[in-house]
1. Name the single residue, out of those in segment 33-72 being polar (S, T, N, Q) and outside any loop (DSSP other than H, G, I, E, B), that is nearest to the ligand (Cβ to nearest atom).
2. Anything in segment 19-30 that is in a strand (DSSP E or B) and either within 13 Å of the ligand (Cβ to nearest atom) or closer than 17 Å to LYS58 by Cβ (or both)? List them, or say none.
Amino acid sequence: MKDEKQESQVFPNKLQIQIVANGPALIQGPVVIIDQLGNKEEKESMFALCRCGGSHKKPYCDGTHNFNDFKD
Ligand code: FES
């Protein structure tokens, strides 16, 4: 596995997605999120997308994975 700092230097403008064990996917923008209705939201800084399915703020993580026994 390559060093994270080294990777960002090789691909400085690439979207970065980091999967957290037993938790969300961390997305480092800039990125545009388009919801199921076609609404667009620009994200510049890091945010978390739910992978456990339990969030009450989908598609974003609200920390519910800490309480619903999500394991991967
Ligand atoms: S991954 Fe955090 S609430 Fe689902």
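Read-outs: derived from the displayed coordinates by stated rules, not from any lab. Computed from a predicted model, the values in this text were never measured in an experiment. Every residue, glycine as well, gets a Cβ built from its backbone with ideal geometry; the counts of neighbours run over all protein chains shown.
1. Of all residues in segment 33-72, those polar (S, T, N, Q) come to 36, 39, 45, 55, 64, 66, 68.
Filter again for outside any loop (DSSP other than H, G, I, E, B), leaving 64, 66.
Numbers: THR64: 4, ASN66: 7 Å.
Applying the filter and picking the extreme gives THR64.
2. Taking segment 19-30 as the starting set, the residues that turn out to be in a strand (DSSP E or B) are 19, 25-28.
Answer for segment 19-30, where residues must be in a strand (DSSP E or B) and either within 13 Å of the ligand (Cβ to nearest atom) or closer than 17 Å to LYS58 by Cβ (or both): ILE19, ALA25, LEU26, ILE27.
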